[in-house]
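This report concerns only the one structure given below.
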Amino acid sequence: MHELSIVASLFEIMEEKAQEKGSKRIIYVKLQVGKLSGVVPEFLISAFDMYKKDTIAHDAELEIEDVPLTIQCKTCKKTMILDDFVFICVDCGSRDLKTLTGKELFLEKMELEL
Ligand SMILES: [Zn+2]
């Protein structure tokens, strides 16, 4: 499961940040997960729950913010959200698109007990 290795590196970052702040407990974690990130949020949540035992985040609450796939058409300059992965401008039919959001996969927020 690909999500497990993502969670492992996430925990490395989290623990490092907590250490910097001198905290021994993480209480809340918020992740941004883009539609194009290749990560399934449900798998990420179960990987997180599996991994957090015996870490400083063992009772941390995890929230995932889904980031939609937003594109801008390079031909007509329109910005739109794509619900499926058909990369065609709904307005002019152009395939020359730029991805604005949807590739995100990062730690947006973390709350520590100090
Ligand atoms: Zn267009």
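Of all residues in segment 1-34, count the ones that are more than 27 Å from D83 (Cα to Cα) and either at pLDDT below 95 or not aromatic (F, W, Y) (or both). Matching residues across segment 1-34 total 20.
Considering segment 37-66, the residues that are touching a Phe, Trp or Tyr at 6+ places or on another chain (Cβ under 8 Å) and part of a loop (DSSP other than H, G, I, E, B) include one that is surrounded by the most Cβ atoms within 10 Å (Cβ to Cβ), namely A57.
Please find, within segment 35-67, the residue that is nearest to the chain's Cα centre (by Cα) out of those that are among the aliphatic types (A, V, I, L, M) and farther than 23 Å from I81 by Cα. Even if it seems obvious, please write down each step before you answer.
Applying the first criterion (among the aliphatic types (A, V, I, L, M)) to segment 35-67 yields 36, 39-40, 44-45, 47, 50, 56-57, 60, 62, 64, 67.
Of the ones still in play, those that are also farther than 23 Å from I81 by Cα are 44-45, 47, 50, 56-57, 60, 62.
Details: L44: 9, I45: 11, A47: 14, M50: 18, I56: 21, A57: 18, A60: 17, L62: 11 Å.
The selected residue is L44.
Could you tell me whether F87 is within 16 Å of the ligand (Cβ to nearest atom), of a type in the set (F, W, Y) and either assigned to a loop (DSSP other than H, G, I, E, B) or in contact (Cβ under 8 Å) with a residue 12 or more places away in the chain (or both)? Steps first, answer last, please.
Working: within 16 Å of the ligand (Cβ to nearest atom): yes; of a type in the set (F, W, Y): yes; either assigned to a loop (DSSP other than H, G, I, E, B) or in contact (Cβ under 8 Å) with a residue 12 or more places away in the chain (or both): yes.
It is true that F87 is within 16 Å of the ligand (Cβ to nearest atom), of a type in the set (F, W, Y) and either assigned to a loop (DSSP other than H, G, I, E, B) or in contact (Cβ under 8 Å) with a residue 12 or more places away in the chain (or both).
Within segment 16-36, the set of residues being surrounded by fewer than 16 Cβ atoms within 10 Å (Cβ to Cβ) and of a type outside the set (S, T, N, Q) comprises E16, K17, E20, K21, G22, K24, R25, I27, Y28, K30.
Tally time: how many residues in segment 56-81 are within 16 Å of the ligand (Cβ to nearest atom) and in contact (Cβ under 8 Å) with a residue 24 or more places away in the chain? Break it down stepwise before answering.
Narrowing segment 56-81 to residues within 16 Å of the ligand (Cβ to nearest atom): 69-81.
Subsequent filtering for residues that are in contact (Cβ under 8 Å) with a residue 24 or more places away in the chain retains 69-74.
Looking only at that region, the number is 6.
Here T101 fits the description: more than 16 Å from the ligand (Cβ to nearest atom) and farther than 21 Å from V7 by Cβ.
The values are calculated or read from the model by the stated rules, or taken from the named source; none is laboratory data. Remember, predicted model here, so these are calculated numbers, not experimental data. Neighbour counts are summed over all protein chains in view; Cβ atoms, including those assigned to glycine, are modelled from backbone coordinates with ideal geometry.
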